[in-house]
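The values are calculated or read from the model by the stated rules, or taken from the named source; none is laboratory data. A quick note: this is a predicted structure, and the numbers were derived from the prediction, not measured. Heads up, the Cβs are rebuilt from the backbone with ideal geometry, glycines too, and the neighbour counts pull from every protein chain shown. Note: areas computed on protein heavy atoms with side chains; ligands, DNA, RNA excluded. Shrake-Rupley method; radii C 1.70, N 1.55, O 1.52, S 1.80 Å.
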Amino acid sequence: MKAAAILMPALIMMPQALAQSDAASTQHRAAHKLGLPADAVNVTPARWNGRPFVFADYLTGKPGQEERQLVMLDARMEQPPVSVTVGEQEGGAPRILAIGFANADRDHARELIAIMAWDIRHYDVSGTMYDIRILDDWKPGQHALSPMPSAERLFDQFGCDCGRRDGDDSTADIKTIAAVKQRLKRAGY
């Protein structure tokens, strides 16, 4: 009885350890494919329109001028990376806050949603600034995803959860995938 009690916690923890091992392996394989150190790459595995992909983001550029690159890799990492978007410098490089999918053009395929967040600290304003990027579904042979300006117009250029030294504070309306989907649905997508 004691032996079973001792083994039970180990058996319960094994799936979690396997998931962490898979995540680390995916990160290492993506970094190798991109020619970067593993700790320089963040990965998000996802199924998009029935296909498994790995979204990888990393910084490029000189210190103080870095931009965030977001690319898409096939799950086996056999094909060249597909450029998704670039998070420009806005007083700092952004983070990829969320990746999701929703229909944004009334076809059968879902489009990619990327939410970027910048931590800003200036004399007169500080907080977190958000940007919503919506990209058309990927088609085999494409080297870069195309932005969807018609869908992106539904969102402010930048929303901000910001405190201002002189003036009113602001709160971003849209900063989650669920909120993006709601706005798209209200617009008829």
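With respect to the stated conditions, Ala75 fails to be open to solvent by less than 60 Å² (accessible area, probe 1.4 Å), in contact with a helix residue (DSSP H, G or I) (Cβ under 7 Å, 6 or more places away or on another chain) and among the small types (Gly, Ala, Ser). Restricting attention to the range 30-77, the residues that are more than 17 Å from Ala114 (Cβ to Cβ) and not small (Gly, Ala, Ser) add up to 15.
Scan the range 19-59 for residues that are open to solvent by 50 Å² or more (accessible area, probe 1.4 Å), assigned to a strand (DSSP E or B) and not β-branched (Val, Ile, Thr) and the total you get is 6. Of everything in the range 62-85 that is without any contact (Cβ under 8 Å) to a residue 60 or more places away in the chain, more than 11 Å from the chain's Cα centre (by Cα) and not in a loop (DSSP other than H, G, I, E, B), the residue that is farthest from Lys139 (Cα to Cα) is Glu67.
Conditions tested, residue by residue: (1) open to solvent by 20 Å² or more (accessible area, probe 1.4 Å); (2) in a loop (DSSP other than H, G, I, E, B).
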| position | (1), (2) |
| --- | --- |
| Ile113 | no, no |
| Pro140 | yes, yes |
| Gly163 | yes, no |
| Lys175 | yes, yes |
| Val180 | no, no |
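Of the residues that make up the range 134-152, is at least one under 17 Å from Trp48 (Cα atoms), modelled with pLDDT of 90 or more and touching a helix residue (DSSP H, G or I) at 6+ places or on another chain (Cβ under 7 Å)? Within the range 134-152, one or more residues are under 17 Å from Trp48 (Cα atoms), modelled with pLDDT of 90 or more and touching a helix residue (DSSP H, G or I) at 6+ places or on another chain (Cβ under 7 Å).
Selection over the range 3-18 of residues that are open to solvent by 80 Å² or more (accessible area, probe 1.4 Å) and either modelled with pLDDT of 90 or more or among the small types (Gly, Ala, Ser) (or both) gives a count of 0.
Might you check whether a residue that is within 16 Å of the chain's Cα centre (by Cα), surrounded by fewer than 18 Cβ atoms within 10 Å (Cβ to Cβ) and among the hydrophobic types (A, V, I, L, M, F, W, C) occurs anywhere in the range 143-151? Checked the range 143-151: at least one residue is within 16 Å of the chain's Cα centre (by Cα), surrounded by fewer than 18 Cβ atoms within 10 Å (Cβ to Cβ) and among the hydrophobic types (A, V, I, L, M, F, W, C).
You will find that of Ile120, Ile134, Ile96, the residue that is touching a Gly at 6+ places or on another chain (Cβ under 9 Å), of a type outside the set (Ser, Thr, Tyr), in contact (Cβ under 8 Å) with a residue 24 or more places away in the chain and open to solvent by less than 20 Å² (accessible area, probe 1.4 Å) is Ile120 and no other.
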